[in-house]
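The values are calculated or read from the model by the stated rules, or taken from the named source; none is laboratory data. Owing to the predicted nature of the structure, the values given are computational and were not obtained by experimental measurement. All Cβ positions, glycine included, derive from the backbone under ideal geometry; neighbour counts span all protein chains shown. Areas reflect the complete protein model, heavy atoms only, side chains present, ligands, DNA and RNA absent. Shrake-Rupley method; radii C 1.70, N 1.55, O 1.52, S 1.80 Å.
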Amino acid sequence: MVFILVENGRRMVRDLGDFEVMRETAYDYLVELRDSGETNMWGAASYLHRDFPIDRHTARDVLLDWIESF
């Protein structure tokens with residue numbers, strides 16, 4: 001699996017190892033976001049896109065993977 005990294009407006013493909021590290025960090029971030037009550041978790045993809053170097057589609061995929069992990 002690969003993910004898309006947005007860097008200086010350019011999309012770059014990264015490998016699975018990089019994705020796994022980012023996903024673990026994103027999952028922790030999502031737990032904190034959920035616990036804060038700042039947003040409904042269905043809207044959390046925009047937070048991931050804003051705070052992580054990933055595009056909107058990857059952010060949505062990460063969020064859906066996180067939701068399905070429960």
What are the residues in segment 23-45 that are free of Cβ contacts under 8 Å to residues at least 40 places away in the same chain and within 11 Å of the chain's Cα centre (by Cα), if any?
-> Glu24, Thr25, Asp28, Tyr29, Leu30, Ala44, Ala45
Run Leu63 past the list (1) at pLDDT below 95; (2) part of a helix (DSSP H, G or I); (3) surrounded by 13 or more Cβ atoms within 10 Å (Cβ to Cβ); (4) of a type outside the set (Lys, Arg) and report the number of the one that doesn't hold.
-> (1)
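Here's the yes/no breakdown for (1) open to solvent by 90 Å² or more (accessible area, probe 1.4 Å); (2) at pLDDT below 95; (3) not in a strand (DSSP E or B):
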residue	(1), (2), (3)
Met1	yes, yes, yes
Val6	no, yes, no
Val13	yes, yes, no
Gly17	no, yes, yes
Glu20	no, yes, yes
Leu33	no, no, yes
Trp42	yes, yes, yes
Ala45	no, no, yes
His49	no, yes, yes
